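Here the structure is laid out as structure tokens; the discussion comes afterwards.
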Amino acid sequence: MAKKVLVLGEVRDGELRNVSFEAIAAAKEISEGGEIIGLVCGEAVSDVAGEMYKYGADRVLVAEDENLKTYTSDAYTQALMQVIDAESPEGIVFGHTALGKDLSPRIAAKLQSGLVSDITGIENTGGNIVFTRPIYSGKAFEKKIITDGSMFVTIRPNNIEAPERNDSLQGDVTKVDVTIKDLRTIVKEIIRKTTDGVDLSEAKVIVAGGRGVKSTDGFEPLNELAEVLGAAVGASRGACDADYCDYSLQIGQTGKVVTPDLYIACGISGAIQHLAGMSNSKIIVAINKDPEANIFNIADYGIVGDLFDVVPKLTEEFKKV
Ligand code: FAD
């Protein structure tokens with residue numbers, strides 16, 4: 001049955017995050033030929049919101065208010081609920097990002113709806129729409145169907161392929177009036193801890209360092225490799241706990257969950273809590289001087305050696321490509 005599906009577009013640094021387009025692909029499956037509505041919240045976001053047409057949105061809305069410039073649970077919940085009340089979508093798709101993880105349960109609770117979070121795949125079996133999501137820290141996958149209420153899901157970035165961009169698809173962006181009031185939280189300042197460049201959760205290539213890097217300076221060869229590859233730099237909790245890098249780089253059960261095309265683990269032993277955050281990467285390369293290290297059990301390619309020898313050599317080779 002054709003359904004109207006609302007997709008929340010996320011803006012970062014003046015651009016829509018790729019997960020917003022992946023969410024349109026998910027919405028296409030869920031809508032079964034119904035209408036896909038893109039929604040972007042923020043301040044002066046109309047131009048950027050129009051991008052959603054190029055990936056297949058049928059209608060694009062913007063909720064603009066100075067209180068939506070920076071994400072707060074409070075303001076975004078108010079805006080989303082007003083749009084949902086006006087549009088009554090039968091499906092809702094958010095990215096499973098920091099924002100989506102925070103906002104989706106609130107909206108689901110207010111709608112008294114279920115929520116299937118962190119999905120990595122969608123399949124329309126003809127009778128049912130089946131959602132796949134990892135459980136037990138990525139050790140298993142479960143399949144879910146929604147039998148009642150709206151189809152509300154969050155999608156894990158980098159798992160559902162975004163529709164191909166088509167620049168000839170265009171449309172008008174409609175401003176919706178939202179009233180944001182009685183805010184309990186206001187963001188005064190954002191202090192970025194992550195390094196410049198590629199966003200870890202959406203990166204296609206990640207170079208990650210563990211306790212084996214031995215110091216903050218020990219990350220330098222990894223930074224150089226990352227620069228050549230256009231990669232983001234991540235870390236194990238071991239490296240973060242040892243104060244070699246900031247916790248914003250932590251990947252794993254209590255850090256970020258990533259699914260890049262290529263994950264290069266340098267001096268990381270492969271503890272289960274680390275694997276929980278990266279084992280679904282498409283290709284895993286491990287560099288470790290211990291041939292028995294657990295990381296080799298999930299690696300597609302393993303290099304037994306000292307990372308301080310191996311990583312600079314890789315950098316030199318990649319520079320030639
Ligand atoms: P280590 O286990 O010390 O491994 C270092 C590795 O570097 C070794 O394998 C060693 O052989 C290798 N090495 C050393 N020198 C070199 C060299 N010169 N060249 C090549 N290899 C070298 N961990 C996470 O990562 N993310 C999480 O989110 C997370 N959440 C956790 C949650 C809980 C509740 C708990 C209890 C733990 C969690 N941990 C997490 C910690 C986890 O259990 C491990 O302690 C941690 O992942 C180990 O980090 P590491 O692999 O960098 O260090």
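Examine the stretch 194-205 for a residue that is assigned to a strand (DSSP E or B) and under 24 Å from Ile264 (Cα atoms), and state whether such a residue exists. Steps first, answer last, please.
So the first thing to find is which residues in the stretch 194-205 are assigned to a strand (DSSP E or B), and the list is 205.
In the following step, the residues that additionally are under 24 Å from Ile264 (Cα atoms) were identified as 205.
Within the stretch 194-205, one or more residues are assigned to a strand (DSSP E or B) and under 24 Å from Ile264 (Cα atoms).
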Being more than 28 Å from the chain's Cα centre (by Cα), among the aliphatic types (A, V, I, L, M) and more than 16 Å from Ser236 (Cβ to Cβ) is the filter here; which residues of the stretch 278-320 pass it? Ile303, Val304, Val310
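State all residues of the stretch 1-33 that are without any contact (Cβ under 8 Å) to a residue 60 or more places away in the chain and either buried (at least 24 other Cβ atoms within 10 Å of the Cβ) or within 14 Å of Val93 (Cα to Cα) (or both); if no residue qualifies, say none. It would help to see each step written out before you state the result.
Narrowing the stretch 1-33 to residues without any contact (Cβ under 8 Å) to a residue 60 or more places away in the chain: 1-2, 9, 11, 13-16, 33.
Selection gives Gly9 alone.
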Within 17 Å of Leu200 (Cβ to Cβ) and not hydrophobic (A, V, I, L, M, F, W, C) - does that describe any residue in the stretch 282-299? yes
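Anything in the stretch 226-284 that is among the polar types (S, T, N, Q) and either more than 8 Å from the ligand (Cβ to nearest atom) or touching a Leu at 6+ places or on another chain (Cβ under 6 Å) (or both)? List them, or say none.
To start, the set of residues in the stretch 226-284 that are among the polar types (S, T, N, Q) comprises 236, 248, 250, 253-254, 259, 269, 273, 279-281.
Result: Ser248, Thr259, Ser279, Asn280, Ser281.
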Selection status of Thr147, under 25 Å from Leu80 (Cβ atoms), surrounded by fewer than 20 Cβ atoms within 10 Å (Cβ to Cβ) and among the polar types (S, T, N, Q): yes
Residue in the stretch 282-298 that is crowded, with 21+ Cβ neighbours inside 10 Å, under 26 Å from Ile160 (Cβ atoms) and modelled with pLDDT of 95 or more present: yes
Gly171: passes all of (1) of a type in the set (Gly, Ala, Ser); (2) more than 16 Å from the ligand (Cβ to nearest atom); (3) in contact with a Gly (Cβ under 6 Å, 6 or more places away or on another chain) but (3)
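Filter the stretch 62-105 down to the residues that are β-branched (Val, Ile, Thr) and touching a helix residue (DSSP H, G or I) at 6+ places or on another chain (Cβ under 8 Å), then identify the one that is surrounded by the fewest Cβ atoms within 10 Å (Cβ to Cβ).
Start the filter on the stretch 62-105 by keeping residues that are β-branched (Val, Ile, Thr), which leaves 62, 70, 72, 77, 83-84, 92-93, 97.
Of the ones still in play, those that are also touching a helix residue (DSSP H, G or I) at 6+ places or on another chain (Cβ under 8 Å) are 62, 77, 84, 92-93, 97.
Working: Val62: 24, Thr77: 17, Ile84: 19, Ile92: 29, Val93: 32, Thr97: 25.
Of everything passing the filter in the stretch 62-105, Thr77 is surrounded by the fewest Cβ atoms within 10 Å (Cβ to Cβ).
Kindly indicate whether any position in the stretch 238-249 is aromatic (Phe, Trp, Tyr) and either within 25 Å of His96 (Cα to Cα) or assigned to a helix (DSSP H, G or I) (or both).
Step one: of the stretch 238-249, the residues aromatic (Phe, Trp, Tyr) are 244, 247.
Add one more test, that the residue is either within 25 Å of His96 (Cα to Cα) or assigned to a helix (DSSP H, G or I) (or both), and what stays is 247.
Yes, the conditions are met somewhere in the stretch 238-249.
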Would you point out the residue of the stretch 200-215, among those that are crowded, with 23+ Cβ neighbours inside 10 Å and under 10 Å from Tyr263 (Cβ atoms), that is farthest from the ligand (Cβ to nearest atom)? Ala203
Of (1) among the small types (Gly, Ala, Ser); (2) touching a Cys at 6+ places or on another chain (Cβ under 6 Å); (3) part of a strand (DSSP E or B), Ala208 satisfies all except one. Which? (2)
Pick from Gly171, Gly149: which is in contact (Cβ under 8 Å) with a residue 60 or more places away in the chain and small (Gly, Ala, Ser)? Gly171
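The values are calculated or read from the model by the stated rules, or taken from the named source; none is laboratory data. Computed from a predicted model, the values in this text were never measured in an experiment. Cβ coordinates were reconstructed from backbone atoms using ideal geometry, including for glycine residues, and neighbour counts include every protein chain displayed.
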